[in-house]
Amino acid sequence: MSAPIAIVGAGLAGLGAAHTLRTAGREVRLFDKGRSAGGRVASRRRERWQFDHGAQFATVRTAEFAAALAPLQRAGQVQRWLGPFRTLANGRFGGDPRPEAERWVGVPGMSALARGLAEGLSIATEVKIETLRREADGWWLGGVAAGGGAMVREGPFAAVLLTLPPPQAQALLAASGLGGPVAAAAGELAAALQPCLAGLVAFAEPVAGAEGGLFVADDVLSWIAHDGGKPGRGGAATYVLHATAAWSLANFDHQPAVNAAALVAAFARVSGRALPAVVHVEGHRWRYALASGDGVPGGAVVDRELGLALAGDSLVGGRVEGAFGSGVAAARVLLAH
Ligand SMILES: Cc1cc2nc3c(=O)[nH]c(=O)nc-3n(C[C@H](O)[C@H](O)[C@H](O)COP(=O)(O)OP(=O)(O)OC[C@H]3O[C@@H](n4cnc5c(N)ncnc54)[C@H](O)[C@@H]3O)c2cc1C
């Protein structure tokens, strides 16, 4: 029996890799510093409200992602979001820019999609991996657990797959004194992820004319979603506002609450209407949000000699489904070697 494979990061890339390795009969262990699996596929609860503050929906085009989601779709844990989807520029609404696209969401929140994919996997959450060491018997991971801050040492592993955003992978590899193709790729892709500031807002009543999802052409806002109108959310008057990459970069260090208020003001401006009373508003900062660029050939980088690999959305040009596919690609190369 071969030693297990370690995956650092249990976002969609980590989950895609874990599915592939498990299906091939390999033992897998995932480590994530977050409180649950999913990474940027996340939902946040506040009082009686809930918001998908990261990924808004997923496309399901590839056979592997379709196969992984099929049981969740059958169980109603992932459902199609019918929008409507429109463009919005200077107060004028247009049609769906991609009318052929099917957009799927977790129910009752995007985190349910990640939770479903994580089911049955061995995932250590709230564990931040800080060092990787290749010893005679295999890889050993060192880190720290949240809460008490207890030191963690886990191993040996036959191989390690990193699915953290490239700047974080780069820091981990540097702290571990590791070079080679994986470190080189993490360095090259370090600037691929752009930030996104999010505003999470609940109004006293739904905003007329802002149903579904709006792809906004504006200096400040890029996206407005009637979050409470997604399947299984009960029609709550909750909205998620995402800022453009340029505005996010320029305002990243301001207080999240100040940014969220600015995003609400931009919502009123771009929609050209007075908004209902705000009953809750907060901001969230995504330092590494959306990937730009095309990624790398094959969607993953694997150092076969060391048994070390890098996957994630920035290696495939972004998106939920892309991240899952990048994890699958890395796992297939590891299995072949
Ligand atoms: C605001 C926003 C809107 C988006 N909208 C969409 C959308 O509508 N549709 C779409 O398809 N995509 C969307 N995306 C992009 C999509 O969410 C990502 O492409 C995808 O989720 C990335 O998955 P990943 O596994 O590559 O990375 P991540 O989800 O970032 O996973 C990396 C994981 O690594 C963990 N980690 C980091 N460092 C360590 C460490 N040292 N030790 C242990 N764990 C660590 C993190 O906690 C995280 O869980 C959006 C993203 C954002 C932020």
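The values are calculated or read from the model by the stated rules, or taken from the named source; none is laboratory data. Every value quoted in this text rests on a predicted model; they were computed, and no experiment measured them. Quick reminder, even Gly has a Cβ in these numbers, built from the backbone with ideal geometry, and neighbours come from all protein chains shown.
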Q: Would you check which residues across segment 99-152 are within 11 Å of the ligand (Cβ to nearest atom), in contact with a Phe, Trp or Tyr (Cβ under 6 Å, 6 or more places away or on another chain) and of a type in the set (K, R) and list them?
A: R103
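Which of the following residues is surrounded by fewer than 18 Cβ atoms within 10 Å (Cβ to Cβ) and either polar (S, T, N, Q) or under 20 Å from V105 (Cβ atoms) (or both): A42, A66?
On the way: A42 fails: surrounded by fewer than 18 Cβ atoms within 10 Å (Cβ to Cβ).
The match here is A66.
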(Q) Take residues that are of a type outside the set (D, E) and tell me which of the strands (runs of 3 or more DSSP E) falling wholly in segment 239-327 contain 3 or more. (A) 278-291, 308-310
Q.
Going residue by residue through segment 226-234, is there one that turns out to be over 22 Å from the mean Cα position of the chain (by Cα), more than 30 Å from S2 (Cα to Cα) and away from the ligand (no atom under 13 Å from the Cβ)?
A. yes
Q) Checking C196 against (1) crowded, with 23+ Cβ neighbours inside 10 Å; (2) of a type outside the set (A, V, I, L, M); (3) out of contact with any helix residue (DSSP H, G or I) (no Cβ under 8 Å at 6 or more places or on another chain), which test does it fail? A) (3)
Q) Residues in segment 189-205 that are more than 14 Å from the ligand (Cβ to nearest atom) and modelled with pLDDT of 95 or more: how many? A) 5
Q.
So, in segment 146-179, exactly how many residues are under 25 Å from the mean Cα position of the chain (by Cα), at pLDDT 95 or above and not β-branched (V, I, T)?
A. 15
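Tell me whether segment 18-32 contains one or more residues that are within 16 Å of G106 (Cβ to Cβ) and of a type in the set (K, R). Outline the logic, then answer.
To start, the set of residues in segment 18-32 that are within 16 Å of G106 (Cβ to Cβ) comprises none.
So far as segment 18-32 goes, no, none of its residues is within 16 Å of G106 (Cβ to Cβ) and of a type in the set (K, R).
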Q: For segment 282-301, indicate whether the set of residues that are more than 15 Å from the ligand (Cβ to nearest atom) and surrounded by 15 or more Cβ atoms within 10 Å (Cβ to Cβ) is non-empty.
A: no
Q.
Going through R40, R46, R74, R115 one at a time, which residue ends up being under 28 Å from R269 (Cβ atoms), of a type in the set (K, R) and at pLDDT 95 or above?
A. R40
Q | Lone qualifier among R92, R103, R98, R74 - being surrounded by 14 or more Cβ atoms within 10 Å (Cβ to Cβ) and out of contact with any helix residue (DSSP H, G or I) (no Cβ under 8 Å at 6 or more places or on another chain) | A | R103
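Which strands (runs of 3 or more DSSP E) does segment 13-82 wholly contain that include 2 or more residues that are more than 9 Å from the ligand (Cβ to nearest atom), under 22 Å from L241 (Cα atoms) and touching a residue at least 24 places away in the same chain (Cβ under 8 Å)? Full working, then the answer.
Numbers: elements: 28-31, 44-46, 49-51, 78-80.
The strands (runs of 3 or more DSSP E) meeting that bar are 44-46, 49-51, 78-80.
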Q) Within the bounds of segment 239-259, is there any residue that is of a type in the set (G, A, S), outside the structural domain of G9 (by TED's automatic domain parsing), within 13 Å of the ligand (Cβ to nearest atom) and more than 21 Å from G83 (Cα to Cα)? A) yes
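Residues are listed down the side, and each one gets a yes or a no for (1) charged (D, E, K, R); (2) in contact with a Pro (Cβ under 6 Å, 6 or more places away or on another chain); (3) surrounded by 23 or more Cβ atoms within 10 Å (Cβ to Cβ):
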site	(1), (2), (3)
S176	no, no, no
V182	no, no, yes
F203	no, yes, no
V240	no, no, yes
Q | Every pair of residues 6+ apart whose Cβ atoms lie under 7 Å, when the first sits in segment 305-317 and is assigned by TED's automatic domain parsing to the domain that holds W139 and surrounded by fewer than 24 Cβ atoms within 10 Å (Cβ to Cβ) while the second is acidic (D, E) and not in a helix (DSSP H, G or I) | A | G317/D294
Q) For segment 156-185, which residues satisfy the criterion of being over 21 Å from G34 (Cα atoms) and in contact with a helix residue (DSSP H, G or I) (Cβ under 6 Å, 6 or more places away or on another chain)? A) A159, A183
Q: Would you mind stating whether V8 is within 18 Å of the chain's Cα centre (by Cα), within 6 Å of the ligand (Cβ to nearest atom) and modelled with pLDDT of 95 or more?
A: yes
(Q) Criterion first (touching a residue at least 24 places away in the same chain (Cβ under 8 Å), surrounded by fewer than 24 Cβ atoms within 10 Å (Cβ to Cβ), part of a loop (DSSP other than H, G, I, E, B) and away from the ligand (no atom under 11 Å from the Cβ)) does R332 satisfy it? (A) no
Q: Give the residue that is nearest to the ligand (Cβ to nearest atom), with candidates limited to residues of segment 153-178 that are free of Cβ contacts under 8 Å to residues at least 60 places away in the same chain and hydrophobic (A, V, I, L, M, F, W, C).
A: A171
